[in-house]
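> Okay, handing you the structure first.
The values are calculated or read from the model by the stated rules, or taken from the named source; none is laboratory data. What you are looking at is a predicted structure, and each value in this text was computed from that prediction instead of being measured. Counting neighbours? That spans all protein chains shown, and the Cβs are built from the backbone with ideal geometry, glycine included. In case anyone asks, the SASA skips ligands and DNA or RNA and just uses the protein heavy atoms, side chains included. Shrake-Rupley method; radii C 1.70, N 1.55, O 1.52, S 1.80 Å.
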Amino acid sequence: GFSFKANVVVEPEMEINNYLGIEVTKKSTEVTDELVDEEIEKVRDRNSRMVTVDDRAAQNDDVAVIDFEGFVDGEAFEGGKAENYNLKLGSGNFIPGFEEQIVGHKTGEEFTITVKFPDDYQAEELKGKEAEFKINLHEIKAKELPEVDDEFVKTGISVQYMGKDVSDKETLDEYKAELKETVAKRLQDEADKDVDNQISEKLMELLEGEIPEAMYDNQANEMVREFDMRLRSQGLDMKTYMQYMGMDANALKGMYKEEAEKRVKLRLALEAVARKENIEVTEADLDAEYGKMAEAYKMDVDKVKKAVPAESLTEDVKVEK
């Protein structure tokens, strides 16, 4: 025979008080004409096309098609040359001062600009250095937006909202009315979610007791496993993902640390409220939840019941209630 000692982390006994009468502020759900116009502008932008302009100089939001070659101290440097490069002006994709100096030039112009590489630039040999770039501006392309009128609606290009076909209207007024309803639902959903988040934050602040670090650690591990399953469903694997992102297992787990702590605290807070309020879970509650799970996973209810113990599900339903 033998004897042994074990240190076991157990779920703490948490307390919560003063949770009744929590006050939160609900966001406005008023659908203004400005909000509807903003949504229409998004639709116009999605259905825009780029057209060549040759009657004016380049300006911000244009796409400039350029050749460029960079020189430091009169010498060309690696990676500083490209031909027929499509650069959106004002995007901030290039080093400060580069895009700004193309603005104002016209198609066919050849010119030189001077810029300074940032002190924290990724290429060590270019940090803080001044450089000259020879530019050849081949073409200026600007975004052309469709007109907003009845034809805009009838042709069907405007009737997508959040990726879904939502309209079969014939006139702009009819489309705006329908869009107003859609925006109203979105705002209501966002406001409800925000109220939930405010309540959750206040409950976590009211929670009393010491939470073992292992609970946070376990939750973070579970979230990593969930992420791994999502990757596998997309034909990827964790090792390849981490190599691509330049991170190790500890860094990946660290990404979930803050959210893991919130999940643990909120769960403990809701369990504490459920105890104080004597929340009960009936057989009907469990049957309904098993039914939802069976439908979601396309499984027989009996198989779901074998896979998910009633005791575990009871705690989940209690917290949900």
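> Listed highest first by mean packing, meaning other Cβ atoms within 10 Å per residue, what order do 196-204, 277-285 come in?
Working: 196-204: 14.9, 277-285: 11.6.
Ranked from most to least packed, the peptides come out as 196-204, 277-285.
> The list [x] 15.4; [y] 29.2; [z] 25.9 gives values of mean projected area of the Cα convex hull in nm², and only one came from this structure; which label was calculated from it?
[y]
> In addition: Cα centroid distance between the range 1-40 and the range 91-108, in Å?
Here the two parts' Cα centres lie 47 Å apart.
> Cα axis of helix 257-276 to longest principal axis of the chain: angle in degrees, 0 to 90, nearest 10?
30
> What number comes out for accessible area per residue over the chain if the probe is 1.4 Å? Units Å², please.
It amounts to 68 Å² per residue over the chain.
> Where the centre of each part is set by its Cα atoms, how far does the range 174-195 sit from the range 262-321, in angstrom?
So the separation of the two Cα centres works out to 31 Å.
> With the full set of protein chains in place, find how many percent of the accessible area of the chain is carbon and sulfur; take the probe as 1.4 Å.
Heavy-atom surface of the chain belonging to carbon and sulfur, 1.4 Å probe: 46 percent.
> From the helices alone, meaning DSSP H stretches of at least four residues, give me the mean residue ellipticity at 222 nm for the chain, per-run term -39500 (n - 2.57), in deg cm²/dmol to the nearest 500.
Calculated from helices alone, the mean residue ellipticity at 222 nm is -14500 deg cm²/dmol.
> Sort GLU83, GLU144 from largest to smallest accessible area, using a 1.4 Å probe on the heavy atoms of the protein chains.
GLU83, GLU144
> For LYS305, list the lysines whose Cα falls under 27 Å from its own Cα; do not include residues on the same chain fewer than 8 positions away.
LYS292, LYS318, LYS321
> So which residue, out of MET215, MET255, MET299, gets the largest mean-square fluctuation from a GNM of the chain using Cα contacts under 10 Å as springs?
Between MET215, MET255, MET299, it is MET299 that shows the largest mean-square fluctuation.
> Straight-line reach from LYS169: which lysines fall under 28 Å, measuring Cα to Cα and dropping same-chain residues less than 8 apart?
Qualifying lysines at Cα under 28 Å: LYS42, LYS143, LYS154, LYS180, LYS185.
> In square angstrom, rounded to the nearest 10, how much accessible surface does ASP168 have for a 1.4 Å probe?
The accessible area of ASP168 comes to roughly 120 Å².
> Okay, next question. Arrange the peptides 63-71, 239-247, 91-99 so that the one whose residues have, on average, the most other Cβ atoms within 10 Å appears first.
Values: 63-71: 18.4, 239-247: 11.2, 91-99: 14.2.
The most tightly packed comes first, giving 63-71, 91-99, 239-247.
> Give me the number: length gained by fully extending LYS292 to GLN234, i.e. 0.36 nm times residue separation minus the C-alpha to C-alpha distance, one decimal in nm. Before the final figure, lay out the partial values.
Details: separation 58, 0.36 × 58 = 20.88 nm, distance 2.46 nm.
Full-extension gain reported as 18.4 nm.
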